[in-house]
Amino acid sequence: MKVKNLDKYFKSQNFKYGECLYPLERCERKAIKSHSIQNSGTFDLLHSNNHLYSFRTIHNNSKPELELQLIGRNLASTFLGLCKTHDNLLFEPIDKETIDLSNQKQLFLLAYRSILKEFHATIEVFGRFDKYYQQEVKQGYRPRTDPQKEIEYSRLSANTVEMGAFKHEIDLALKEQNYDFMKHEYFIASVAQPSVACSQLFSADSIKYRDDILRIMLNVVPLDEVRTLVLFSSTEGEYTLAKSYWNRCFMGDEHYQKYETSKMIIRNCENFYLKPDFVSKWSEEKKNKILEYYWSALLRDEDIYNTEEYYLFDD
C-alpha cells in the first residue's frame, strides 16, 4: 500500500455494519454496541479502574506493529451486532444467571456469542475493503477493473459466504432449541485472581472439515475471584477433529493446561482482555515475548515456540 493512500485507508476503517443480526426474526432496528464478553460480571472481576488491557495494531511509518493498550471496559469487546432489545433477550440466560456447566443452553449461548461476533467482523472486513477500493477508483489510484482487486474480492466474498453458511447452521439449531448441536469440553482453572477473559471463534486452518475449514469457539470466563472457566466448543459434526486440536489443553497437570490454553489464546484470538493489575507485574521480556508470539502466529500456522513467558493466568 502506498503511503499517500494510508489516510484514505484509515478513514475507511470507520465502516460499521449496523443491522441487528437477531437470528430468530427479521429486525430492522439499529444495532447497539453489544458486548461479546459480559460487561457486568466478567469485566467486574477483570477491570482495574474501569480499564482492561488488549492487543491493538498501531501503524508506525506505515508498518503495522502490535502493542498492549488500555481500553475502557464499556468499549472492550463491543460490536454492532444486535439491537438493545434482542441483545438482552438472546443473552439473558448467560448475562443474568449464574453459569451452570450442566446447562446446555448456557454453553450453547456462550459459543453462539463468539460466532455472532466473528460473523459481524467478517462482514465488516468485506465492507471496509469494498469501500476503500471504491475510494481508490474515485481518486484515480486504481482502475475500475483491477485483477488484484478481483482476487481479493473473491477471497473475502467466499469467506463471508462460508461464514454465513456456518452461522446459518447454528441459527437453525437455536431456533429448534437443539442445544446439543454444539459440543463442549472444559476445565475450571484455579487462580490467585482473574487475569484473562476471551470470546473467540477461530479457524484451525491446518485441519479441513468437509470442503471448509475447521471452526472452534474458545471462551475463557472468570467465574469468581479464584475460578476461571476455560470452554472449548464446536458443532457436533466437527467435534472429533476439534477435540484433536484443543486436546493439548487437557493434558498434564493444571499448570500445563493453563500454559497450553495461554498459547492457544495468543495464537488464535483477538477478542481477549487482560487485568491491568496482572499485566503491571510483567517484565519487559514477558511483554515482548508475548507480542512476538502473537505477531508470529499471524504469519505461520505451525507452533514452534515454548516459554513460560506466554502464561496468562495468575497463580
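The values are calculated or read from the model by the stated rules, or taken from the named source; none is laboratory data. Being a predicted model, the structure only gives us computed values, none of them experimental. So basically every Cβ, Gly included, is an ideal-geometry build from the backbone, and we count neighbours across all protein chains shown. For the accessible areas, the whole protein counts, side chains as well, though only heavy atoms, and no ligand, DNA or RNA atoms are used. Shrake-Rupley method; radii C 1.70, N 1.55, O 1.52, S 1.80 Å.
Laid out as a table, the results:
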| quantity | calculated |
| --- | --- |
| Residues of segment 155-198 satisfying the condition of being part of a strand (DSSP E or B) and either among the aromatic types (Phe, Trp, Tyr) or closer than 25 Å to His255 by Cα (or both) | Lys183, His184, Glu185, Tyr186, Phe187, Ile188, Ala189, Ser190, Gln193, Val196, Ala197, Cys198 |
| Answer residue from segment 30-55, given it is in contact with a Pro (Cβ under 8 Å, 6 or more places away or on another chain) and in a loop (DSSP other than H, G, I, E, B) and is surrounded by the fewest Cβ atoms within 10 Å (Cβ to Cβ) among those | Asn49 |
| Conditions (1) touching a residue at least 40 places away in the same chain (Cβ under 8 Å); (2) over 24 Å from Pro222 (Cβ atoms); (3) open to solvent by 50 Å² or more (accessible area, probe 1.4 Å); (4) not hydroxyl-bearing (Ser, Thr, Tyr); number of the one not met by Leu70 | (2) |
| All positions within segment 63-92 that are among the small types (Gly, Ala, Ser) and either closer than 25 Å to Pro23 by Cα or assigned to a loop (DSSP other than H, G, I, E, B) (or both) | Ala76, Ser77, Gly81 |
| Helices (runs of 4 or more DSSP H) within segment 252-315 that include 1 or more residues touching a Pro at 6+ places or on another chain (Cβ under 7 Å) and either open to solvent by less than 10 Å² (accessible area, probe 1.4 Å) or modelled with pLDDT under 95 (or both) | none |
| Scope segment 232-251; condition small (Gly, Ala, Ser), open to solvent by 30 Å² or more (accessible area, probe 1.4 Å) and not in a helix (DSSP H, G or I); matching residues | Gly237 |
| Out of Ile207, Ile216, sole residue that is in a strand (DSSP E or B) and either of a type in the set (D, E, K, R) or open to solvent by 20 Å² or more (accessible area, probe 1.4 Å) (or both) | Ile207 |
| In segment 75-88, the residues that are open to solvent by 30 Å² or more (accessible area, probe 1.4 Å), touching a strand residue (DSSP E or B) at 6+ places or on another chain (Cβ under 8 Å) and either free of Cβ contacts under 8 Å to residues at least 24 places away in the same chain or under 19 Å from Leu110 (Cα atoms) (or both) | Thr78, Leu80, Lys84 |
| Filtered residues of segment 93-138 (kept if within 20 Å of Ser40 (Cβ to Cβ) and part of a loop (DSSP other than H, G, I, E, B)) | Lys96, Glu97, Thr98, Ile99, Asp100, Asn103 |
| Complete set of residues in segment 169-194 that are farther than 21 Å from Val220 by Cα and among the acidic types (Asp, Glu) | Glu169, Asp171, Glu176 |
| Phe181 vs. criteria surrounded by 13 or more Cβ atoms within 10 Å (Cβ to Cβ) and either farther than 28 Å from Lys289 by Cβ or touching an Asp or Glu at 6+ places or on another chain (Cβ under 6 Å) (or both) | yes |
